[in-house]
Amino acid sequence: MKVDLKKLMVIPIVLVAFSLAIIINNILTYGFIIDRDVELSGGLRITIPINESVDVKKLESSIKDSHVRIARGYNTNILILQVKERNESEVIEKLKSIINFDEENIEIGKIDAAIGDVFWRQAGIAIILSFVAIFIIIFIAFRNLIPSFSMVLSTIFDIIITISFLSLLDVKLSLPVLAGLLMIIGYSVDTDVLLATRMLKRSGEMKERIFSAIKTGITMTLTSIAALICMYIFSGGTVLRDISLTLIIGLSADIINTWITNTNLFLFWLERRESKSS
């Protein structure tokens, strides 16, 4: 089966444009690329295992400046309430009047707004430094700006798409999500290096080398996604669920950005290099 990779470029272009539109809307709405969890903005985070259905809208309207999410697990569901600086006992009393729960199972986290801002700045610095380090390492390995630039660009696209879809799924930016984003950066570069090394080989036709890399890379990614889906479904904790969901979206985006976007950029670069040398 013949596949025209150049024609498939419309897929990542549309996907990135759609994702950028969501992020721009978030900036206009929240002042950030995605709404932040209390870990990064400050406030209360209350986690309660529940066995009954909950009217999320009613709960949010009853508790001012709150955000409610239900994390559905295999054995139990978990209600996650995030609220800006409020009296802890007042919030719990409000919850008691709306839903039934065992107070012994409540997990309450309280973070000062100043500490949240520090976490946010440190996370931003970590992501920027990771991109700089990746660019330097790739440039040293390949000694050319084009593959280095294309790999970093592909990784940036993975992050943009992941953030936009997390926003659509009403997942806030938290420390577990940030950990997942950093993992995506590493995984994306791994598949990009696989593609580059196969395409730069001298033996065999270019198309054979490309599709050999695609077969290997997609197999690796799909097995990882399958394991992450199991972790998302069967894990009871919200931390593991947030990390696994972030990685599922990011690795899915990486299939498109590595094997369509990057392949076309590499082909363009190699064709130009060959035409100059001939």
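The values are calculated or read from the model by the stated rules, or taken from the named source; none is laboratory data. Keep in mind the model is a prediction, meaning the values are calculated, not measured. Glycine also receives a Cβ, built like all others from the backbone with ideal geometry; neighbour counts cover every protein chain displayed.
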| Residue that is touching a residue at least 40 places away in the same chain (Cβ under 8 Å), closer than 21 Å to Leu195 by Cα, out of contact with any Gly (no Cβ under 8 Å at 6 or more places or on another chain) and buried (at least 22 other Cβ atoms within 10 Å of the Cβ), where the choices are Ser150, Ser174 | Ser150
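Tally up the residues in segment 34-73 that are more than 23 Å from the chain's Cα centre (by Cα) and closer than 21 Å to Thr246 by Cβ, please.
0
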| request: Could you tell me which residue of segment 1-12 is modelled with the lowest pLDDT, considering only residues that are loosely packed, with under 12 Cβ neighbours inside 10 Å and part of a helix (DSSP H, G or I)? | output: Lys7
| request: Check segment 36-53 and report whether any residue there is of a type outside the set (S, T, N, Q) and closer than 30 Å to Asn264 by Cβ. | output: no
| query | Which of the residues spanning segment 207-233 are closer than 23 Å to Leu5 by Cα and of a type in the set (S, T, N, Q)? | reply | Ser212, Thr216, Thr219, Thr221
| message | Being out of contact with any helix residue (DSSP H, G or I) (no Cβ under 9 Å at 6 or more places or on another chain) and touching a residue at least 24 places away in the same chain (Cβ under 8 Å) is true for just one of Asp117, Asp158, Asp112. Which residue is that? | response | Asp112
| Failed item, numbered, when Gln82 is tested on (1) modelled with pLDDT of 80 or more; (2) outside any strand (DSSP E or B) | (2)
| task | Quickly run through segment 96-108 and pick out the residues that are surrounded by 10 or more Cβ atoms within 10 Å (Cβ to Cβ), assigned to a helix (DSSP H, G or I) and over 31 Å from the mean Cα position of the chain (by Cα). | result | Lys96, Ile98
| task | Being assigned to a helix (DSSP H, G or I), farther than 21 Å from Ala179 by Cβ and touching a residue at least 24 places away in the same chain (Cβ under 8 Å) is the filter here, so list the residues in segment 22-51 that pass it. | result | Ile22
| field | Positions within segment 13-54 being modelled with pLDDT of 80 or more, among the hydroxyl-bearing types (Ser, Thr, Tyr) and under 14 Å from Lys172 (Cβ atoms), in sequence order | value | Thr29, Thr47
| Given (1) out of contact with any helix residue (DSSP H, G or I) (no Cβ under 6 Å at 6 or more places or on another chain); (2) modelled with pLDDT of 85 or more; (3) surrounded by 14 or more Cβ atoms within 10 Å (Cβ to Cβ), where does Ile136 come up short, assuming only one miss? | (3)
| task | Identify, from the list Gly236, Gly186, Gly204, the residue that is of a type outside the set (A, V, I, L, M, F, W, C), over 17 Å from the mean Cα position of the chain (by Cα), over 26 Å from Asp4 (Cα atoms) and at pLDDT below 90. | result | Gly236
| message | Here's a check for you: in segment 146-178, which residue that is farther than 19 Å from Phe131 by Cα and of a type in the set (Ser, Thr, Tyr) is nearest to the chain's Cα centre (by Cα)? | response | Ser164
| request: Tell me which residues, restricted to segment 246-262, are farther than 20 Å from Val177 by Cα and either among the hydroxyl-bearing types (Ser, Thr, Tyr) or free of Cβ contacts under 8 Å to residues at least 12 places away in the same chain (or both). | output: Thr258, Thr261
